[in-house]
Amino acid sequence: MSVIIFADQFQGKVKKSALEAVQYGAQIAQQLGVPAVAVAVGEIDGAELSALGQYGATKVLHVADARLNEPEAGAVTKIVAEAVAKENGAVIVFAHNFAGRSIAPQLSARLKAGFVAGAIGLPDTSAGFVVKKNVFSGKAFANVSITTGKKIVSVMPNTFSLNPGGGSASVEAFAAGLGDADFKIKTVKVETVSGEVPLTEAEIVVSGGRGLKGPEHWGIVEDLAHALGAATACSRPVADSGWRPHHEHVGQTGFTVRPNLYIAIGISGAIQHLAGVNGSKTIVVINKDAEAPFFKAADYGIVGDAFEVVPKLTEAVKKYKGN
Amino acid sequence: MKILVCISKTPDTTAKIAFTDNNTKFSEAGVQFIINPYDEWYALVRALELKEAQGATVHLITVGGADTEAVIRKALALGGDEAFRVNSDSQDSFFIASQIAEIAKQEQYDIIFTGKETIDYNGSSVGGMVAELLGLPFVSIASKLDVNGGTATLKREIEGGEEVVEVSLPLVLSAQKGMAEARIPNMRGIMAARTKPLKVVEPAAAETLTSIVSFELPPAKAGVKMIPADQVEELARLLHEEAKVI
């Protein structure tokens, strides 16, 4: 038996959300007393893969096929299914990121293995296999029992902090016998914004709302984000008015984020927005309206003019970030 | 072109969430139900745009009890041509996907839309499972879809960027923000929806792979610590020393 973890990469680096999945899977493997086997695809340096041992992987199966630098979901589903067969995988772990959301449900239907998407706790195995996840977009949690022999869990990014140790994993070349028919989805173009922190993986998020009055005022948000090494985000009205791109929209109908620190500037805190951010460990709210509902969900609050407060905060945090 | 849009009934985004029966059941008291926003605003509207631009038949499907008929009628009022309701209250994604796949096998769709996820159980699973059950490619979290002959071009999000992919029809996709703009049904649509076909079918035999044991509400926040606007440095200090997040 084993625990299989899909460790996806981006441009040759294992994603942070995937490292969290490896660590989560390794903890389950330890509970069960079985090996934790990571599966990686595409061109990745051997050292990057053996370093997965620091997060508890005992072995890495590597399909070094350049066609998989963009993980085609159908092909990867086949690879992970074959790894499960080869290693007698009992639990299969993904990050609940873009690749995981695509591959895990396909694998679940293929193996008839129950799937819990977006786990925020380790499985409780005292009575069966019960996993805690967010429901109602973060307004509540559900404890979900997987009732099949094989089990699939995807791990909510930024939920488990990484705690690397000193291990090193053995890396084994793995051939899954992929043919052209396995690549039904052709990637034509990849556009990445280099130098920016991906929102869903960010440990700190600085978010702006209508209180900023217009897209031309986003400089203060970006300056603070830059000083903190943070990602930028926005509320729904801001994305809907086209002030900021849709992929920055955080909330019930946008992205759910769980950073260590969420700084909301000029956002009133409608229930839909709170749903997307209330998994954040610390919330700071800056709003000129003392009655803004967001203050009730915050850890720290400042009632004041964002255009005065935010630049001062940027200067103040630079002291602690050493830049 | 033949399109299927999967529709789920969810509580309104402003709904207050509470549970009954010893925290094992969602309390529907006072809750208003809507079409899951991802299914309506993005999936259904994009399907209707394709119908208007290129000509298509748009079918709708929901898996739910008789109480889901109000939302499926609304989806018909927006412009769906006909609808299926599979009569089951199951919450298990695989069971639901199996029902959709069963209908899709008979109807042979070119495009099957789901929303990115439902805003109640946040499973983001049904689309991928339907694709697997039908042996079709699945493009998840797509923010743009164009169809040219037998080829679909989609934009989908990835960590830190976007990618453009091409895939031959038929396919399954999950739609998210960006794909289309929300619409409001007009009176003519609402009237027409009353007489559009809504077929109720009993569920096919399928397995259930998961079950919800219980629900919990998040612990209440301890309370906000307010910092005067002229002491911003104090906030930075607290974030560093007390919250230890910077």
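The values are calculated or read from the model by the stated rules, or taken from the named source; none is laboratory data. Since we're looking at a predicted model, the values are computed, not measured. Here Cβ is always computed from backbone atoms with ideal geometry, including for glycine, and neighbour counts include all displayed protein chains.
Here are a few things to note about the model shown:
- The one condition in (1) facing chain A (nearest Cβ under 7 Å); (2) farther than 24 Å from B:Leu134 by Cβ that B:Arg183 fails to fulfil: (1)
- Region A:1-45 - residue that is on the phi > 0 side of the Ramachandran plot and either within 18 Å of the chain's Cα centre (by Cα) or modelled with pLDDT under 95 (or both) and, of those, surrounded by the fewest Cβ atoms within 10 Å (Cβ to Cβ): A:Gly12
- Residue within region B:45-67 that is crowded, with 16+ Cβ neighbours inside 10 Å, within 14 Å of chain A (Cβ to nearest Cβ), closer than 24 Å to A:Phe136 by Cα and touching a residue at least 24 places away in the same chain (Cβ under 8 Å) present: yes
- Selected residue (criterion: surrounded by the most Cβ atoms within 10 Å (Cβ to Cβ)) from residues of region A:55-94 that are part of a helix (DSSP H, G or I) and among the charged types (D, E, K, R): A:Lys78
- Restricting attention to region A:261-283 and to residues that are of a type in the set (S, T, N, Q) and either at pLDDT below 95 or not assigned by TED's automatic domain parsing to the domain that holds A:Gly211 (or both), the residue that is farthest from the chain's Cα centre (by Cα) turns out to be A:Gln272.
- Under the condition of being of a type outside the set (D, E, K, R), more than 7 Å from every other protein chain (Cβ to nearest Cβ) and closer than 22 Å to A:Ile103 by Cβ, the residues counted in region A:127-159 number 11.
- Just one of (1) among the acidic types (Asp, Glu); (2) within 27 Å of the chain's Cα centre (by Cα); (3) more than 7 Å from chain B (Cβ to nearest Cβ) fails for A:Asp299. It is (3).
- Single residue of B:Leu198, B:Leu238, B:Leu217 found to be at the interface with chain A (Cβ under 7 Å from one of its Cβ atoms) and over 18 Å from A:Thr314 (Cα atoms): B:Leu217
- Against the test of being at pLDDT 95 or above and either in a helix (DSSP H, G or I) or over 29 Å from A:Lys112 (Cα atoms) (or both), the options B:Leu50, B:Leu60 yield a single qualifying residue, B:Leu50.
- Subset of region B:3-30 (residues that are touching a Lys or Arg at 6+ places or on another chain (Cβ under 8 Å) and of a type in the set (A, V, I, L, M)): B:Ile3, B:Ile17
- Only strands (runs of 3 or more DSSP E) whose full extent lies in region B:125-243 are considered here, and the ones with at least 3 residues that are within 22 Å of A:Val76 (Cα to Cα) are B:138-148, B:151-158, B:161-168, B:171-175.
- Condition met for A:Leu199 (in contact (Cβ under 8 Å) with a residue 60 or more places away in the chain and either crowded, with 22+ Cβ neighbours inside 10 Å or touching a helix residue (DSSP H, G or I) at 6+ places or on another chain (Cβ under 7 Å) (or both)): no
- If you go through region B:1-26 and keep only what is outside any strand (DSSP E or B), away from chain A (no Cβ under 13 Å) and surrounded by fewer than 20 Cβ atoms within 10 Å (Cβ to Cβ), you end up with B:Met1, B:Asp21.
- All positions within region A:298-323 that are buried (at least 22 other Cβ atoms within 10 Å of the Cβ) and hydrophobic (A, V, I, L, M, F, W, C): A:Ala298, A:Ile302, A:Ala306, A:Val309, A:Val310, A:Leu313, A:Val317
Conditions (1) at pLDDT below 95; (2) more than 14 Å from the chain's Cα centre (by Cα); (3) more than 8 Å from chain A (Cβ to nearest Cβ); (4) farther than 24 Å from B:Ile35 by Cα, marked per residue:
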{"residue": "B:Ala83", "(1), (2), (3), (4)": "no, yes, yes, no"}
{"residue": "B:Ser90", "(1), (2), (3), (4)": "yes, yes, yes, no"}
{"residue": "B:Gln99", "(1), (2), (3), (4)": "no, yes, yes, no"}
{"residue": "B:Thr114", "(1), (2), (3), (4)": "no, no, yes, no"}
{"residue": "B:Pro137", "(1), (2), (3), (4)": "no, yes, no, yes"}
{"residue": "B:Ala152", "(1), (2), (3), (4)": "no, yes, yes, yes"}
{"residue": "B:Val165", "(1), (2), (3), (4)": "no, yes, no, yes"}
{"residue": "B:Lys177", "(1), (2), (3), (4)": "yes, no, no, no"}
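- Among the residues of region A:35-49, those that are in a helix (DSSP H, G or I) and either closer than 12 Å to A:Ala7 by Cα or touching an Asp or Glu at 6+ places or on another chain (Cβ under 8 Å) (or both) comprise A:Glu48, A:Leu49.
- All positions within region B:207-244 that are out of contact with any Asp or Glu (no Cβ under 8 Å at 6 or more places or on another chain), surrounded by 12 or more Cβ atoms within 10 Å (Cβ to Cβ) and within 30 Å of A:Val144 (Cβ to Cβ): B:Glu207, B:Ile212, B:Val213, B:Ser214, B:Phe215, B:Glu216, B:Leu217, B:Pro218
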